[in-house]
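The values are calculated or read from the model by the stated rules, or taken from the named source; none is laboratory data. None of the values given here were measured: they were computed from a predicted structure. Counting neighbours? That spans all protein chains shown, and the Cβs are built from the backbone with ideal geometry, glycine included. The area values use the complete protein model at the heavy-atom level, side chains included, leaving out ligands, DNA and RNA. Shrake-Rupley method; radii C 1.70, N 1.55, O 1.52, S 1.80 Å.
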Amino acid sequence: MDVLGIGNAIVDVLTQTDDDTITAFDLPKGGMTLVDQDQAESLYAKAGETTERSGGSVANSIAIAAALGSDAGYVGKVHDDQLGGSFTSSIRSHGVSFRTPALTEGPSTARCLVLVTPDGERTMGTYLGACTALGPEDIDQDEVAGSAVTLIEGYLADTEQARATIGKVIDASAKSEAKVALTLSDAGCVERHREYFRELTAANVEILVADEDEVAALVGDDGIESLLADQGGHCEIVAVTHGAKGSTIYAVGGVRHEIETRPADELVDTTGAGDAYAGGLLYGITKGLDLDVAGRIGSVAASHVVAQLGAQPPENLKSKVAQDVPQAG
Ligand SMILES: OC[C@H]1O[C@H](O)[C@H](O)[C@@H]1O
């Protein structure tokens, strides 16, 4: 496998709304707030017209990588219910291998209410449901060892059991040539678990993908380069996105690439923009492309994702990306 992803398997329930509604829902604009089942139901009752799309940060990245041509797999926990079926058929429709056994009892499939405002910003309230049952027994260490890169979702740090799952991935990677990639998911998530992420990036993570707020929350005054293997960290590559301003890729040996964005044809919804960037970047890296080309693939994929509602791969993504980046193949 080129890329294997481990994350929270979530169905997104999207609604286009306004800033006043975000305030009325008492959710921090642009952030991700964890909610319990009662809160989730109360939010949905107030949400108005909604659209369901397959979500989950790393699941989004893996679907993008598969749509571009990666041999890709995903590990995440759904319930054997209607939303779980919808998540499963959606991720498989992009060619992703998804075989994690579904729960047959206990919490229902996770869902995320995504409030999209006219500026394209997304504000999320997530009920984790079945995701909290993901555990080490769901990891096939041979599959991890046989994958070029395993991408871990930062949001997993929110549960102890998922941290044990991450431990099993790291263990399998350390005994093989497989690399560990990590997305930091959300600045609030980094603030909740800074020490844990510091430990991972100091000892286990070879590829880090984050936005500028997330990486700032992680490194504080230390500087991004401190994460690199030749400057005291463990990372070989650190890719930092700057929203519409592009991204910067840092690599060992003093390498630094500034990547321009491709302006979106239309700005509809930024849900999954960073996920698409990570998916495109990892597609490029695992195909052996130069880092600046891999970063450009990520940027172009993200520019197509923000022109639609939801984080799923846009139709004909591969040919759309190839128009801007012929090396993408
Ligand atoms: O990064 C966007 C994703 O984060 C949340 O996990 C939602 O499911 C959404 O699809």
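Pairs of Cα atoms nearer than 8 Å and 6+ residues apart set the relative contact order; for the range 124-190 it is 41 percent. Sites count as exposed loop sites when they are GluC sites (Glu not before Pro), lie in a DSSP loop, and have at most 14 other Cβ atoms within 10 angstrom; the longest stretch of the chain without one is 178-259. Please state the shape class of the range 92-132: rounded when a/c is under 1.5, otherwise prolate if a/b exceeds b/c and oblate if not, all from the C-alpha gyration tensor. Oblate shape, in that a/c is at least 1.5 and b/c is the bigger or equal ratio. Name the residue, out of ALA72, ALA294, ALA102, whose mean-square fluctuation peaks in a Gaussian network model built on the chain with Cα pairs under 10 Å. Highest fluctuation among the options: ALA102.
Taking all protein chains as they are arranged and a probe of 1.4 Å, the heavy atoms of VAL325 leave approximately 0 Å² accessible to solvent.
About its Cα centre, the dipole of the chain is roughly 680 debye, where the only charges are +1 on Lys and Arg Cβ and -1 on Asp and Glu Cβ. Share of carbon and sulfur in the accessible area of the range 170-329 stands at 48%, probe radius 1.4 Å. In the chain, taking the dipole from charged Cβ atoms about the Cα centre, the farthest positive-side position among ALA328, THR100, ASN204 is held by ALA328. Across the options CYS112, ASN316, TYR44, the greatest Cα extent toward the positive end of the charge dipole of the chain (unit charges at beta carbon of Lys, Arg, Asp, Glu) belongs to ASN316.
Per residue, the accessible area of the chain comes to 39 Å² when a 1.4 Å probe rolls over the protein heavy atoms.
Could you work out Rg/(2.2 N^0.38 Å) for the chain, with Rg from alpha carbons only?
So the Cα radius of gyration is 0.91 times the expected 2.2 N^0.38 Å.
Using the crude model of +1 on Lys and Arg Cβ and -1 on Asp and Glu Cβ, and no other charge, please compute the dipole size for the range 187-256 relative to its Cα centre, in debye to 20. For this selection, approximately 120 debye. Other residues lying with their Cβ under 12 Å from the Cβ of ARG111 contribute a combined charge of -3, Lys and Arg counting +1, Asp and Glu -1.
If you model the range 1-130 as an ellipsoid using its alpha carbon gyration tensor, with each semi-axis the square root of five times an eigenvalue, the axes come out at 26, 17, 11 Å, biggest first. Based on the Stokes-Einstein relation at 20 °C and a viscosity of 1.002 mPa s, and on the Kirkwood radius from alpha carbon pairs, the range 94-191 is assigned a translational diffusion coefficient of 140 µm²/s.
The range 233-276 has equivalent-ellipsoid semi-axes of 25, 12, 6 Å, by the square roots of 5 times the alpha carbon gyration tensor eigenvalues, sorted largest first.
In the chain, Cα pairs under 8 Å separated by at least six residues give a relative contact order of 18 percent. How would the range 200-313 be classified by its alpha-carbon gyration tensor: rounded, prolate or oblate, with rounded meaning a/c under 1.5 and the a/b versus b/c comparison settling the rest? Prolate, because a/c is 1.5 or more and a/b exceeds b/c. When +1 charges are put on Lys and Arg Cβ atoms and -1 charges on Asp and Glu Cβ atoms, the dipole computed for the range 69-150 relative to its Cα centre reaches about 260 debye.
Placing a label point 7 Å from the Cα of LEU267 along the Cα-to-Cβ direction, the residues of the range 1-27 with a backbone N closer than 15 Å are 19. A dipole drawn for the chain from +1 and -1 charges on Cβ atoms has a positive end, and of SER89, GLY125, HIS79 the residue lying farthest that way is SER89.
Classification of the range 99-156 by its C-alpha gyration tensor yields an oblate form. The axis ratio a/c (a ≥ b ≥ c) is 1.5 or more, and b/c is at least a/b.
Add -39500 (n - 2.57) for each DSSP H run of 4 or more in the chain, then divide by its residues: what number comes out at 222 nm, to the nearest 500 deg cm²/dmol?
For the chain, the value works out to -11000 deg cm²/dmol.
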